[in-house]
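The values are calculated or read from the model by the stated rules, or taken from the named source; none is laboratory data. The structure displayed is predicted, hence computed values, not measured ones. Note that we place each Cβ from the backbone using ideal geometry, even for glycine, and neighbour counts take in every protein chain shown.
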């Protein structure tokens, strides 16, 4: 089964393409089909590889999440230092 596709192409590109297909004695259709097939294969491969890379990055990020220690917070008391030690207690 085939489908006809029409599209616009710049004149200079069409001329160069026609010169090449005439020199190689192949059809435009065969070259375009080959190029489209190669493009599709390459893009599918890149999408597949990107998916694996994204999975790897997500796994690494999940495994490297910083652990947060739960610290009990008290209201600030200027007469009581944070570590519980007061210099006056040393005398």
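Within this structure, residue 80 fails the test of being modelled with pLDDT under 95, in a helix (DSSP H, G or I), out of contact with any strand residue (DSSP E or B) (no Cβ under 6 Å at 6 or more places or on another chain) and surrounded by 10 or more Cβ atoms within 10 Å (Cβ to Cβ). Tell me, yes or no, whether region 24-37 has at least one residue that is surrounded by 10 or more Cβ atoms within 10 Å (Cβ to Cβ), at pLDDT 95 or above and not in a helix (DSSP H, G or I). Checked against the condition, which is being surrounded by 10 or more Cβ atoms within 10 Å (Cβ to Cβ), at pLDDT 95 or above and not in a helix (DSSP H, G or I), region 24-37 yields at least one hit.
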